[in-house]
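The values are calculated or read from the model by the stated rules, or taken from the named source; none is laboratory data. Just so it is clear, the model here is predicted, and its values are computed rather than measured. Cβ atoms come from the backbone with ideal geometry, glycine included; neighbour counts cover every protein chain shown. Quick note on the areas: whole protein, heavy atoms, side chains included, nothing else; ligands and nucleic acids left out. Shrake-Rupley method; radii C 1.70, N 1.55, O 1.52, S 1.80 Å.
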Amino acid sequence: AAPRATSGGAQRRQKAFSDGESVTSVSSELDMARIPNAEKRTLSLGGGVDLNSNGIGYACRKGRKPAGSGAARQPNQDSWCVHHRANQLSVYGVFDGHGEKGHLISDCVKKQLPQVAVQVAKAGLNAVGTDMLLKESFERMQKKIEAQTHIGCQHSGTTASVVLHDRANARLTISHVGDSKIVLVRKKVGTAAHELEGVELTRDHKPELEDERARIERAGGRVVFDGYTHRVHKKRGVGPGLNMSRSFGDVLAHKVCGVSSEPETTVRDLGSGDEALLLCSDGIWDVISPQGAADIVKDFGPWEAMAAAKRLADVAVARWLAGTGGTMTDDITVVQQLGALSRGGGCGAKGPLQGGWPAGDDHAVSSRSMPFGETAGQARQDGLVGAVAQASFPRLFLQGNRS
């Protein structure tokens, strides 16, 4: 009999591969619960490796949406996955759904898109051409979604950020569409003291970018600023109103407005100073800067990856609630690898990534990360100017086709 689904972050296990390959897979599971800040259900397959002991942590929280809005009836639309083959390859993915059926599309992409990487892991890693395999898999994924008309992909879609971490050769291959940012935490170059910095490895695919706007306009779409954000509309009339320029799903925006599912793909060799990798939905990045995230996770050792992911999620929730008068948070997802990335991660480190342990409760929201910072200057540094006012969050959340 099939294992029974569980809730509240509990996991269920079954054999992942009939051929006995030692790949451990953990992912979110479609979860229709609507309880704010609840952890999304997870599914574990095969392997039996404890990911936390290998420096891998995750958190996925249901957002709080304004009462009485259509968004309030939506489940957690974020999805995520980790596929891990010890000492060889890890695959990480984060998918942030939007629109009425965004949760179905993010779950669909989570199940299918990373499988090309899992097949690489099973067959034995060959980095040559992996970036092309990822690009081709993105193209096939969009076609599969368009063929599944029952999931409502005309006006709903998802972001996708996928990383292949080649542990044996200390290399990252990154492909993404949308704005689920990927950040590398590394030792800061040229500083006297041992400091860490958060470096963006991806750019958010926003329609106001010069090259993105040009493609949209060539395809017959237009980019409109609505007073809060830039959105993609048809040449004549209003809609679909998407606030990103690349995604999966969103068939109308793809067909008539120039929105694309072609990923930006990069390959990055890892060095001895690379300490952590973060993949997060914009529920994190809207309220925590890459440097702010680096400052939070640096206080955790690799064996505390789950606690570090929880800390990031807790800080984000606190900042959302502070900025909206307690009325709203976005769905929040964190997938991270802590530890010396170029040496395969895991628990080789003897202490936190950098510096000493924080004073007081190690896992409480500290004074370093008070909601939105104490000053306008700190808010500006975090990229939060214009987002601190209570009215801005609900308006951003409810307008157009992006939840």
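Of note:
- In the set (1) modelled with pLDDT of 95 or more; (2) assigned to a strand (DSSP E or B), the condition left unmet by T173 is number (1).
- Exactly one residue out of E275, E217, E210 is over 23 Å from L134 (Cα atoms), touching a residue at least 24 places away in the same chain (Cβ under 8 Å) and out of contact with any Lys or Arg (no Cβ under 7 Å at 6 or more places or on another chain): that is E217.
- Considering segment 18-43, and only residues there that are among the hydrophobic types (A, V, I, L, M, F, W, C) and either more than 26 Å from R319 (Cα to Cα) or not in a loop (DSSP other than H, G, I, E, B) (or both), the residue that is most open to solvent (accessible area, probe 1.4 Å) turns out to be L30.
- Of the listed requirements (1) at positive phi; (2) surrounded by fewer than 19 Cβ atoms within 10 Å (Cβ to Cβ); (3) in contact (Cβ under 8 Å) with a residue 12 or more places away in the chain, G178 misses just one: (2).
Yes/no matrix, rows are residues, columns are (1) surrounded by 14 or more Cβ atoms within 10 Å (Cβ to Cβ); (2) within 10 Å of V259 (Cα to Cα); (3) of a type in the set (A, V, I, L, M):
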| position | (1), (2), (3) |
| --- | --- |
| G190 | no, no, no |
| L201 | yes, no, yes |
| V223 | yes, no, yes |
| G227 | no, no, no |
| K235 | no, no, no |
| G239 | yes, no, no |
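- Members of segment 259-286 found to be in a loop (DSSP other than H, G, I, E, B) and either out of contact with any strand residue (DSSP E or B) (no Cβ under 9 Å at 6 or more places or on another chain) or within 27 Å of H233 (Cα to Cα) (or both), listed by number: V259, S261, E262, P263, S281, D286
- Screening the candidates V232, V224, V238, V256 for the property of being in a helix (DSSP H, G or I), farther than 30 Å from G273 by Cβ and not charged (D, E, K, R) yields one hit, V256.
- K206 falls short on exactly one of the conditions (1) assigned to a strand (DSSP E or B); (2) over 18 Å from Y92 (Cα atoms), and that condition is (1).
- In segment 88-99, the residues that are closer than 22 Å to T42 by Cα and modelled with pLDDT of 90 or more: S90, V91, Y92, G93, V94, F95, D96, G97, H98
- Applying the set (1) in a loop (DSSP other than H, G, I, E, B); (2) in contact with a Gly (Cβ under 7 Å, 6 or more places away or on another chain) to R186 leaves exactly one unmet item: (1).
- Of the residues making up segment 44-71, those that are open to solvent by less than 30 Å² (accessible area, probe 1.4 Å) and free of Cβ contacts under 8 Å to residues at least 40 places away in the same chain number 2.
- Residue within segment 248-260 that is among the polar types (S, T, N, Q) and closer than 30 Å to N169 by Cα present: no
- Per the listing L133, L113, the residue uniquely in contact with a helix residue (DSSP H, G or I) (Cβ under 8 Å, 6 or more places away or on another chain), at pLDDT below 95 and within 22 Å of D282 (Cβ to Cβ) is L113.
- Among residues of segment 74-101 being open to solvent by less than 10 Å² (accessible area, probe 1.4 Å) and of a type in the set (A, V, I, L, M, F, W, C), the one that is farthest from the chain's Cα centre (by Cα) is L89.
- Annotation: K122 fulfils all but one of (1) part of a helix (DSSP H, G or I); (2) of a type in the set (D, E, K, R); (3) at pLDDT 95 or above; the unmet one is (3).
- Checklist (1) open to solvent by 10 Å² or more (accessible area, probe 1.4 Å); (2) modelled with pLDDT of 95 or more; (3) outside any helix (DSSP H, G or I) applied to G292, failing item: (3)
- Residues in segment 143-160 that are open to solvent by 10 Å² or more (accessible area, probe 1.4 Å), within 15 Å of S261 (Cβ to Cβ) and touching a residue at least 12 places away in the same chain (Cβ under 8 Å): K144, E146, Q148, Q154.
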